[in-house]
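The values are calculated or read from the model by the stated rules, or taken from the named source; none is laboratory data. Only a predicted model underlies this, so the values are computations on that prediction, with no experimental measurement involved. Cβ placement follows ideal geometry from the backbone for every residue including glycine, while neighbour counts extend to all protein chains displayed.
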Amino acid sequence: MLFSIAALLAVTTAAFAQPQHSYDYELGGAVFSNDALRTSDFFTLSQQQFNFGTARSMAMGGAFTSLGADQAAMALNPAGLGMYRRNEVAITPMVIVSSAETAGAGDYLSNSKTRFGLGNIGGVFNIYETSERRLMSVNLGIGYTRLADFNYNYSFGYAPAEGRASIADAMSVMLEAGKATLSQNGTIMMDDRSNWGIDPFFWPAVAGYKSYLVDHRFIQTEEGIKDWWYPAGIGANALIEGGTALRSRGSIGELDFSVGANYDNKLYFGLSIGVQTVYRKQSLYYGEAYSYGPEGGNGYDSPTHAVDAEGLELPEVMQGMGLQQNSTLDGAGINFKLGLIYRPVAGLRLGVALHTPTFYSLDRRYDLSMATRALGQTSETDPTTHEYTSDIYSEILEDEGPNSWDFVSPTRLMFGVSYTFGNVAILSVDYERTWYNGIRVKNQPYLPYGPGEQDFKQDFKTYFKGSNSLRAGLEVRPLPAFALRIGYGYTGSMLKEKNTILSSPAICETSYYTAGVGFNLGRSCFLDLAYCYTQNKMTEYMLFYGNRYDNDDASLDVIYESDRYSTELKRHQVALTFGYRF
């Protein structure tokens, strides 16, 4: 059963009923949400930008819905292929430099990443041309265009503070929620399944037990003997500091097979079949260090002056933990694009394009490992240190074949208007509407403790809306063989409420500024150079939360949550297109 509260999405929430009490459990956050795809993942995979592609289209902000004779038209509005008068082949290598900053948090590891990539490669070929009929030409195009980039790093740390929740607290609640207990030989068990047969949703908490961060006791209550899970060796006087680091790699690219036609130099129409490839690999690390006041030092160097809630010194003191999770996502999708461009008068062009939803099929792999360090002593004057370092390596969770993830991305509708001032200048403006509330999950692996297809559908209908995008570009030719270009683009939020917290951070607002130059190198060759600066605002998120709500007695509610964080991504892109016409 799933439930939600106003401030949090239910996509990472699992609720379980205990026989003695009516309990609800809320479990999730960026660290606890990597065992399966979540709403935030489908949201991220559905976002595509048109400030990649060729250097000319990038420099003009991607505002090419009504412009043609550029290979960006294949991924944007295939009617633009009808404006080609010659064959063309072109390639666009690019460099992407990304950086990240998290508000209110200190640096932890490097937050920058430089990556070489391919923005566009392809060709357009004339297969029919005549001046004796109203259907004047037909052109075929095949090309690859980068639509989304997942190459970035972000990390941050937070300073020691007493009274802060530890991830060990949330892990204890997670084990309680799963009705975890121990067999006679000490093997952890859940729902009559043992060891790594346990559902991956609980892997982080099970790893916490196996590496001594969380321990188990039987306690006597008024209702009988009860399993009690608790953070082992973390003193009540602990100062908790932590850090996290995400390393993301990959992209979405599209191979388009397009046709565009010219009817009487007035109406241009086209069709594209787009085959997308998706690859994303993410590595998420989360660590904590525990110190015990001015006499205790910091982190791993701290002596054992930890005390429990009653002030008694702990014989075994946890010093730190580290949790590493890796996930890989790859697959493919297919969509169709229809487009029209109309020239009512010389110089004026009106364009419209419809992009059908992309139908994706994705495979996913996930693994987890964890290590801790604990110290002990025989006396305060002569401490004897020993360490527990237990690496927990999970099996690999693979969603393959009939268990793959299938989902449908939003429909996109684009309108464009442009005006050509002779051979001197071009001004172009685009508007795009994308219905993110129409994302649908069509097939998924069975998730005993996660959302189903109807839950995903309800999440997107409840929390998401259609977004609006605006793109504008200007090209000026002071000389016949030389062009100057500038552009701008903005995509508004897709969330109904700006403070909505997703299971993991996702881009919710984008703005970018572009500029570039173009050179005609004789009659057949051309060279374009473009620069784009992008700012991506991401949704707020928590690293973890493990909360228990007692429906019979609110005073018994247990709340363990990290702080809220907000990360902003910035990108610098430089692209160079070299083309040949014949």
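When Pro448 is tested against (1) in contact (Cβ under 8 Å) with a residue 60 or more places away in the chain; (2) over 23 Å from the mean Cα position of the chain (by Cα); (3) part of a strand (DSSP E or B), only condition (3) is not met. Can you say whether Arg471 is of a type in the set (Lys, Arg), surrounded by fewer than 19 Cβ atoms within 10 Å (Cβ to Cβ) and at pLDDT 95 or above, as far as the supplied structure shows? So Arg471 fails the test.
Residues of segment 291-308 include at least one that is modelled with pLDDT of 80 or more, outside any loop (DSSP other than H, G, I, E, B) and under 25 Å from Ile167 (Cβ atoms). Candidates in segment 51-69 are the residues that are of a type outside the set (Gly, Ala, Ser) and modelled with pLDDT under 95; of these, the one that is surrounded by the most Cβ atoms within 10 Å (Cβ to Cβ) is Phe52.
Looking only at segment 531-567, residues that are more than 21 Å from the chain's Cα centre (by Cα) and among the aliphatic types (A, V, I, L, M) come to 4 in all. Taking the criterion of being among the hydroxyl-bearing types (Ser, Thr, Tyr) and either closer than 30 Å to Val259 by Cβ or buried (at least 20 other Cβ atoms within 10 Å of the Cβ) (or both), the residues of segment 303-359 that qualify are Thr304, Ser327, Tyr342, Thr356, Thr358.
For segment 233-263, a residue qualifies if it is farther than 30 Å from Met136 by Cβ, assigned to a strand (DSSP E or B) and either of a type in the set (S, T, N, Q) or free of Cβ contacts under 8 Å to residues at least 40 places away in the same chain (or both), and the qualifying residues are Thr244, Ser248, Ser251. Assessment of segment 169-184 against the conditions (closer than 30 Å to Tyr533 by Cβ and surrounded by fewer than 19 Cβ atoms within 10 Å (Cβ to Cβ)) yields no matching residue. Selection of segment 518-559 for residues being in contact (Cβ under 8 Å) with a residue 12 or more places away in the chain, among the small types (Gly, Ala, Ser) and surrounded by fewer than 16 Cβ atoms within 10 Å (Cβ to Cβ) yields only Ser524. Annotation: of all residues in segment 154-163 being out of contact with any Leu (no Cβ under 7 Å at 6 or more places or on another chain) and crowded, with 19+ Cβ neighbours inside 10 Å, the one that is farthest from Ser46 (Cα to Cα) is Tyr158.
Scanning segment 474-511 for residues being assigned to a loop (DSSP other than H, G, I, E, B) and buried (at least 18 other Cβ atoms within 10 Å of the Cβ) gives a total of 8. Residues in segment 130-142: is at least one more than 30 Å from Phe269 (Cβ to Cβ) and part of a strand (DSSP E or B)? Within segment 130-142, none of the residues are more than 30 Å from Phe269 (Cβ to Cβ) and part of a strand (DSSP E or B). Reported count of residues in segment 309-344, each being of a type in the set (Val, Ile, Thr) and at pLDDT below 95, is 2. I want to confirm something. Restricting to segment 88-105 and keeping residues that are surrounded by 15 or more Cβ atoms within 10 Å (Cβ to Cβ) and of a type outside the set (A, V, I, L, M), which single residue is modelled with the lowest pLDDT? Once the filter is applied, the top-ranked residue is Thr102.
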